Amino acid sequence: MAFWWVNQNKSSGYEIAGGYLWSPKRKNNGAKNYFYDTMTAVEVGDIIFSFFDAQIQYLGVATHRALSTHKPAEFGKAGED
């Protein structure tokens, strides 16, 4: 079991309500981002600390390994910057 810290600001409401985590695979400039890449290392049973609004708001337990998917439609423009 591993522990993960996730900064969830603009997307926290969607992710918490939907029971998932999502991040882009690249930064806006096309560069890779180490923190996005580490999402693929999350294993079933890992503990996830969800941080937003300047404090840990939720604890989660991973129930699946990472899947590759497009940005969720419910995000709308959240996270575009």
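The values are calculated or read from the model by the stated rules, or taken from the named source; none is laboratory data. Note that this is a predicted model, so its numbers are computed, not measured. Here the Cβ is made from the backbone with ideal geometry for all residues, glycine too, and neighbour counts use every protein chain on show. Ligands, DNA and RNA are stripped out before the accessible areas are found, and what is left, the full protein with its side chains, is counted by its heavy atoms. Shrake-Rupley method; radii C 1.70, N 1.55, O 1.52, S 1.80 Å.
What the table below lists for this structure:
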item: Top-ranked residue in the range 25-60 [being part of a strand (DSSP E or B) and either touching a Leu at 6+ places or on another chain (Cβ under 9 Å) or farther than 21 Å from residue 10 by Cα (or both); ranked as most open to solvent (accessible area, probe 1.4 Å)]; result: 49
item: Residues within the range 1-16 that are of a type in the set (Ser, Thr, Tyr) and more than 9 Å from the chain's Cα centre (by Cα), tallied; result: 1
item: Scan of the range 18-49 for residues that are closer than 13 Å to residue 66 by Cβ and among the charged types (D, E, K, R), ordered by number; result: 25, 37, 43, 46
item: Residue in the range 14-21 that is at pLDDT below 85 and either open to solvent by less than 60 Å² (accessible area, probe 1.4 Å) or not basic (Lys, Arg) (or both) present; result: no
